[in-house]
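Notes follow once the structure below has been shown.
The values are calculated or read from the model by the stated rules, or taken from the named source; none is laboratory data. No experiment lies behind these values; they were computed from the predicted model shown. A quick note on method: Cβ atoms are made from the backbone with ideal geometry, for glycine too, and the neighbour counts reach across all protein chains shown. Heads up: the accessible areas ignore ligands, DNA and RNA and are worked out on the full protein's heavy atoms, side chains in. Shrake-Rupley method; radii C 1.70, N 1.55, O 1.52, S 1.80 Å.
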Amino acid sequence: MDAKVFHSISYGLYLLGVKGPGGPTGCVVNTVFQISAEPAVFAISVNKDNFTNEWIRRRGLFAATVLSQEVDPGLIGTFGYKSGRDVDKNEGGQLVDSPNALPILKEGGVAYLEFAVMGESDLGSHTVFYARLFGGGLLADETPLSYGYYQTVLKGKSPKSAPTYIADAAAEKPQAGSKKGFVCTICGYVYDGDIPFEELPEDWTCPLCGVSKEMFEEREI
Ligand code: FE
């Protein structure tokens, strides 16, 4: 099957926030869908390896911030490509409390939603949580960040924890006549700046996930 089929599905990007053992933590997901009106129930898919998954299950309460097109891509790097088991994702204080004391983004969000878990399904790599919406509000008059905008304009790719990851990997097979470029081996970001990649300063970091230059490799793009 043509892997582009997977790319024809539209998604948004969301930051899930939950209270972890050492303070607020969270992750970026592309799967937050309203699936019922009365009551307002959402389905949210989270990789089972994610620290956030474990703490959503333990707490039963979490929040989703709808990301804005204006969000700092580095924030997607921190919350989308690193694990809360390894780093304090809120080191920079990007998360603040919602009115019901759930972690939401201080900057870079369009709206927030507060959820109580009603049930879950084990779907293999991911858990789908069914969650009732019990609060929410608008944060900024900006355009919500779609997955399409993230991939085409911000040049982001799916992290390994995303349900769409396999589709992306299949789509990245080199094709005859394609050109070469420097690609982040962690997040898939393709460098397209004016300065030749080799001449970038040694302290240059991936604008999406924050890793250093040596994590890039030259590939067919
Ligand atoms: Fe990267």
Yes/no for S83 being within 16 Å of C209 (Cα to Cα), of a type in the set (S, T, N, Q) and surrounded by fewer than 17 Cβ atoms within 10 Å (Cβ to Cβ): yes
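In the stretch 186-217, how many are within 17 Å of the chain's Cα centre (by Cα) and open to solvent by less than 60 Å² (accessible area, probe 1.4 Å)?
Applying the first criterion (within 17 Å of the chain's Cα centre (by Cα)) to the stretch 186-217 yields 186-189, 206-211.
With the extra rule that they be open to solvent by less than 60 Å² (accessible area, probe 1.4 Å), the set shrinks to 187-189, 206-211.
So the count comes out to 9.
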Lone unmet requirement of (1) open to solvent by 20 Å² or more (accessible area, probe 1.4 Å); (2) at pLDDT 90 or above; (3) within 16 Å of the ligand (Cβ to nearest atom) for R132: (3)
Residue within the stretch 140-158 that is within 15 Å of the ligand (Cβ to nearest atom), open to solvent by less than 60 Å² (accessible area, probe 1.4 Å), modelled with pLDDT under 80 and assigned to a helix (DSSP H, G or I) present: yes
Long-range neighbours under 9 Å by Cβ, at least six apart or interchain, first residue under 13 Å from R219 (Cα atoms) and within 10 Å of the ligand (Cβ to nearest atom) within the stretch 179-199, second among the acidic types (D, E) and part of a loop (DSSP other than H, G, I, E, B): V183/E172; G188/E172
Condition check for I44: out of contact with any Lys or Arg (no Cβ under 9 Å at 6 or more places or on another chain), closer than 19 Å to A101 by Cα and either touching a residue at least 40 places away in the same chain (Cβ under 8 Å) or among the polar types (S, T, N, Q) (or both): no
